[in-house]
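Chemist: Shown below is the structure under consideration.
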Amino acid sequence: AITALPAAIPTGKVLQVVAATTSTEVSNTATTYIDSGLTASITPSSTSSKVLVIVQQVIGKNNGNTWCDVNLLRDSTTLASMKSVSYTASTQANYIGIGSGFSYLDAPSSTSSLTFKTEFRNVTASGQVKAQQDASTSMITLMEIAG
């Protein structure tokens, strides 16, 4: 059962936390964005709430002189873009490990279910770029913050 929140919840309090992981490897040889497989959904309790998104993702190039661009999306809306992830100007394999991550504070003004995910592309279409290389684990955490 869902109950109403007390009227006097101070702003800045964490109201709920949703976390998800994936270790399914996804490869991209094209310049078009594809889903990385990292996704989570949350339903804010108030339109004044914010959602803090924290991503820790294994992503990088397998070979070729290329690099990755990564987008964070809420449903079909791109919220943020991380450019030139894993750039080294080398044809060698180069993976960014579990410490590669970012955060984003969203203000969706919604009480509907929201899905957050990442997508990535191979900037030059040379070689491959991969998410969750060798079944490494990537993580996404969503925190509803009282607004």
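Chemist: Rank-order 132-138, 29-35, 120-126 by packing density, defined as the average count of other C-beta atoms within 10 Å over each peptide's residues, highest first.
Modeler: Details: 132-138: 16.9, 29-35: 13.3, 120-126: 18.7.
Listed from highest to lowest mean packing, they are 120-126, 132-138, 29-35.
Chemist: Now for a different question. Aspartates and glutamates near Lys61 by alpha-carbon distance under 14 Å, same-chain residues fewer than 8 away left out - which ones?
Modeler: Glu25, Asp69, Asp134
Chemist: Given a 1.4 Å probe and every protein chain left where it sits, what share in percent of the accessible area of segment 19-62 is carbon and sulfur?
Modeler: Using a 1.4 Å probe with all protein chains present, segment 19-62 comes out at 52 percent carbon and sulfur.
Chemist: Quick one: net charge around Glu119, please, counting Lys, Arg +1 and Asp, Glu -1 for every other residue with C-beta under 14 Å from its C-beta.
Modeler: +2
The values are calculated or read from the model by the stated rules, or taken from the named source; none is laboratory data. All values reported here derive from a predicted model rather than from experimental measurement. We place every Cβ from the backbone using ideal geometry, glycine too, and count neighbours over all the protein chains shown. Quick note on the areas: whole protein, heavy atoms, side chains included, nothing else; ligands and nucleic acids left out. Shrake-Rupley method; radii C 1.70, N 1.55, O 1.52, S 1.80 Å.
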